[in-house]
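Shown next, in structure tokens, is the structure this report addresses.
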Amino acid sequence: MLLAVPEQAALDAVAPLAALMRPGALLADTLSVKSRMARRLRTTAPALQAVGLNPMFAPSLPLPGRPVAAVTVTGGPAARAFLGLVAGWGGRVVELDPAEHDTLTAVQQAATHAAVLSFGLALAELRPGMTALRASAPPPHRTLLMLLARIASGSPEVYWDVQAGNPHADAARRALGRGLERIGRAVADGDEDAFEDLVEEVRGALGDHHRDELAQACARLFADLA
């Protein structure tokens, strides 16, 4: 049984579905927040095999090679077989526990979308000429414009659910705000050393291996931009 419905409907469905499902059956969900469903399953249907999936890409994109976050609440043969199917279809299954999933997606989705939307609100306030802006945009700016256009072309409800549903999203947004304040304070104080310290802090957060790998991927991306 696969639950691909809003969170509250999914939570309400656990008890009646558990009473109907045969031993050895699997209940799967596609919720974007996993902790609340995991708690409901563990208290209401502890014997039921259950896996939560979160495809980390838009439905319009093909599955092969793309990450699919997988949270196994209660494992068993059916759960393992189901994840094997996803991997067999080409999905890159990344297994996480419920709390880890929600913490990561607050950074991957809530913080990312908030940062891009905030950039868009800055554009709306500053009102640059879009034709000249696009024509002269360096690759980082153009990439941000592309991300902004993708979000602005989507459903606000999807992005609202990311911001409102994840219990860690508020902390992610506050961290974004503090980062902007720290940059602004260093510049306002004319403190280049403090600014360099901020960049060094970011380098440390990425780690040498990930920074080099991601910088190379970014260089390839920028090389493909016309």
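The values are calculated or read from the model by the stated rules, or taken from the named source; none is laboratory data. Because the structure is a prediction, the values reported are computed rather than measured. Reconstructed Cβ throughout: ideal geometry from the backbone, glycine too, with neighbour counts over all protein chains shown. Keep in mind that these areas ignore ligands, DNA and RNA; they rest on the heavy atoms of the full protein, side chains included. Shrake-Rupley method; radii C 1.70, N 1.55, O 1.52, S 1.80 Å.
Computed quantities for the displayed model
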{"quantity": "Answer from PRO67, PRO77, PRO16, PRO23 - the residue that is of a type outside the set (A, V, I, L, M, F, W, C) and within 20 Å of TYR159 (Cβ to Cβ)", "calculated": "PRO67"}
{"quantity": "Pair list, Cβ < 7 Å and 6+ apart or interchain, from region 33-56 residues that are closer than 22 Å to LEU104 by Cα to residues that are at pLDDT 95 or above and of a type in the set (Phe, Trp, Tyr)", "calculated": "VAL51/PHE82"}
{"quantity": "Those residues of region 36-74 which are among the β-branched types (Val, Ile, Thr) and open to solvent by 70 Å² or more (accessible area, probe 1.4 Å), in sequence order", "calculated": "THR43"}
{"quantity": "Residues of region 80-107 that turn out to be under 13 Å from VAL51 (Cβ atoms), open to solvent by 70 Å² or more (accessible area, probe 1.4 Å) and part of a strand (DSSP E or B), as a count", "calculated": "1"}
{"quantity": "Residue within region 182-202 that is assigned to a helix (DSSP H, G or I), under 25 Å from ASN54 (Cβ atoms) and among the aliphatic types (A, V, I, L, M) present", "calculated": "no"}
{"quantity": "Unique match (being in a helix (DSSP H, G or I) and among the aliphatic types (A, V, I, L, M)) among ALA164, ALA226, ALA137", "calculated": "ALA164"}
{"quantity": "Close pairs (8 angstrom Cβ cut-off, 6 or more residues apart or separate chains): of a type outside the set (Lys, Arg) in region 195-215, open to solvent by 90 Å² or more (accessible area, probe 1.4 Å) and at pLDDT 95 or above anywhere", "calculated": "PHE195/VAL187; LEU198/ARG182; LEU206/LEU214"}
{"quantity": "Meets criteria (exposed (fewer than 14 other Cβ atoms within 10 Å of the Cβ) and over 28 Å from ARG150 (Cα atoms)) for PRO77", "calculated": "yes"}
{"quantity": "Residue that is farthest from the chain's Cα centre (by Cα) [pool: residues in region 147-205 that are open to solvent by 90 Å² or more (accessible area, probe 1.4 Å), within 15 Å of VAL116 (Cβ to Cβ) and not charged (D, E, K, R)]", "calculated": "LEU180"}
{"quantity": "Count - residues of region 128-161 that are among the aliphatic types (A, V, I, L, M) and at pLDDT below 95", "calculated": "1"}
